[in-house]
Amino acid sequence: MVTKRTIEENQKILSKLQEELGLYGLFGIQVFQAEENQLGVRLNRFMGTENKFIPAIEMVGNEIHYPYDIERMTNITKDEVIEKMTQLTAGKEYATDQEIRFNQQTNQITGTIQGIDVGDDVEYSHDKWVKEFDMSSLSDQELAALTYNQLKQLKSSAEEVKSYYSSRDEEESDYFTWKADFEAGRFSFYELSKELLNRNVLTPTIPFITGRDESELLELDKMLQPLQEECCDVVKENKAFQAPKSPEAKFEVSKAQVENVIAQAQERFKAEVLSQGAENIYEASDKITYVEGALGELEITFEGFNYQEYENPEYTQGKQFAAMIDLQEAEGINPSLLQFAAEQSYFKTDGPYNSW
């Protein structure tokens, strides 16, 4: 079967068509729901004579349609449009979909995901490859495949860091090249971990590697092996990630999700502050300092909250943290809620934030 173009690819093709035929200002790009739950893209033009938007060109996957006579809309003929569309779609030969599978010889998962060969075309030692994929639309099998290959890269890079450690001071040493590859892989794994956490999969925090001691590699392998085995099983059996079963495991996942929400609230607040002018930042400096302090204190204290305290909270703070866990499990916590709480606390408090 031929790989379908993504909606983003079709949008780019139609945008290029508008640019090269001088159609900007005449047409607008619209996303619409096609048959069989597919998303399509179309070029619309408002026709006063018809008193409505009329589609000139539609693209769904690799299918291109011309529902309306474009010559009635512009001085461009349909033949010109077809010729230009042929040029724009030429060279976009989409290979037959390759089944996602585990290759025992290379200890790698191969196949095509969102039109990309994950065995040959993904540079797992770079820190930007994750952006090539729409993480939220990946199936569990696809996410498991990408995660498995990333973990394989991390282990391989760590081994190279160890092998070049003794020559790290030499001018021609590859030590720092492999160390940079490992750090880029850590970053990509962190991005994958966000989506895994959304699916109730808890991931380890990858430590820094110096290559100084063999124990670093043993500890890394011990840390990554369970997740790598789970990803391999998900791919081989084409099944979903297993939700945690024990109450304590469920707590750990929910706690990690809340910690992620706290981090998002901090990032959200910083972005809002930076979007303001210098004068506004100066005038609101007390509030900014307070809210940053409150969210930072929440991050630190919540990190120490454990399952035993969740089961039997004795103090007000423990009860509040337990309520946050319950809310996360029930419906999820919006980062804006935490930011709002910190801001409201500021208006009820005199002076800077104080944790004691």
(request) Quote the FRET efficiency, to the nearest 0.05, computed for Thr316 versus Met223 with a Förster distance R0 of 30 Å and r equal to the Cβ-Cβ distance. (result) 0.25
(request) Output the relative contact order of the range 207-356, whole-number percent, from Cα pairs under 8 angstrom with separation of 6+ residues. (result) 30
(message) As I understand it, the value is the acute angle between the Cα axis of helix 140-163 and the longest principal axis of the Cα atoms of the chain; what does it come to in degrees, rounded to 10?
(response) 60
(request) Go ahead and run the numbers for FRET between Glu83 and Thr210, Cβ-Cβ distance against an R0 of 45 Å, rounding to 0.05. (result) 0.15
(message) Using DSSP to call loops (not H, G, I, E or B), can you name the chymotrypsin sites (Phe, Trp or Tyr not before Pro) in the range 168-218 whose Cβ has at most 11 other Cβ atoms within 10 angstrom?
(response) Phe208
(message) With an 8 Å Cα cut-off and a minimum separation of 6 or more residues, compute the relative contact order for the chain in percent.
(response) 11
(request) Distance between Cα centroids, the range 288-319 to the range 327-346: provide it in whole Å. (result) 13
(request) Figure the gain on full extension for Ile116 and Met47 (residue separation times 0.36 nm, minus the Cα-Cα span) and round it to one decimal in nm. (result) 20.9 nm
(message) Can you pull out the GluC sites (Glu not before Pro) in the range 315-348 whose DSSP state is coil and whose Cβ has at most 15 other Cβ atoms within 10 Å?
(response) Glu331
(request) Return a single number: how many Lys pairs in the range 155-293, at a sequence separation of 8 or more or on separate chains, have alpha-carbon atoms below 16 angstrom apart. (result) 6
(request) Output the direction-averaged projected area (hull surface divided by four) of the convex hull of the alpha-carbon atoms of the chain, in nm². (result) 27.3
(message) Compute the helix-to-body angle for 285-303: its Cα long axis versus the longest principal axis of the chain, expressed 0 to 90° and rounded to tens.
(response) 70
(message) Once neighbouring chains are kept in place and the probe is 1.4 Å, which whole percent of the accessible area of the range 52-160 is contributed by carbon and sulfur?
(response) 42
(message) If I fit a long axis through the Cα atoms of helix 335-347 and take the longest principal axis of the Cα atoms of the chain, what angle between them do I get, 0 to 90°, rounded to 10?
(response) 60
(request) Can you pull the one-decimal nm distance between simple spin-label points at Lys348 and Asn62, each 7 Å off the Cα toward Cβ? (result) 6.2
(message) Under the rule of at least 5 residues apart or a separate chain, name every residue whose amide H is placed under 5 Å from the amide H of Ile54.
(response) Arg45, Phe46, Met47
(message) What's the magnitude of the charge dipole for the chain around its Cα centre, counting Lys and Arg as +1 and Asp and Glu as -1 at the beta-carbon? Answer in Debye, nearest 20.
(response) 940
(message) Over the Cα atoms, compute the radius of gyration (one decimal) and Dmax (the largest Cα-Cα distance, rounded to a whole number) for the range 122-200, in Å.
(response) 14.4, 46
(request) For the chain, build the charge dipole from Cβ charges (+1 Lys, Arg; -1 Asp, Glu) around the Cα centre, then report which of Gln339, Ile300, Ile13 sits farthest towards its positive end. (result) Ile13
(request) At most 16 other Cβ atoms within 10 Å and a DSSP loop assignment: could you name the trypsin sites (Lys or Arg not before Pro) in the range 109-186 that fit? (result) Lys128, Arg168
(request) Quote to one decimal, in nm, the extra length available between Asn306 and Leu197 on full extension: 0.36 nm per residue of separation minus the C-alpha distance between them. (result) 37.4 nm
(request) Using label points projected 7 Å from each Cα along Cα→Cβ, tell me how many nm separate Gln11 and Gln38, to one decimal. (result) 1.9
(message) If you count only protein heavy atoms with a 1.4 Å probe, what accessible area per residue comes out for the chain, rounded to a whole Å²?
(response) 58
(request) Quantify, in whole percent, the carbon and sulfur part of the accessible surface of the range 215-356 (1.4 Å probe; protein heavy atoms only). (result) 49
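The values are calculated or read from the model by the stated rules, or taken from the named source; none is laboratory data. Remember, predicted model here, so these are calculated numbers, not experimental data. In this analysis, Cβ positions are derived from the backbone assuming ideal geometry, glycine residues included, and neighbour counts consider all displayed protein chains. The accessibility values were calculated without ligands, DNA or RNA, using every heavy atom of the protein model including side chains. Shrake-Rupley method; radii C 1.70, N 1.55, O 1.52, S 1.80 Å.
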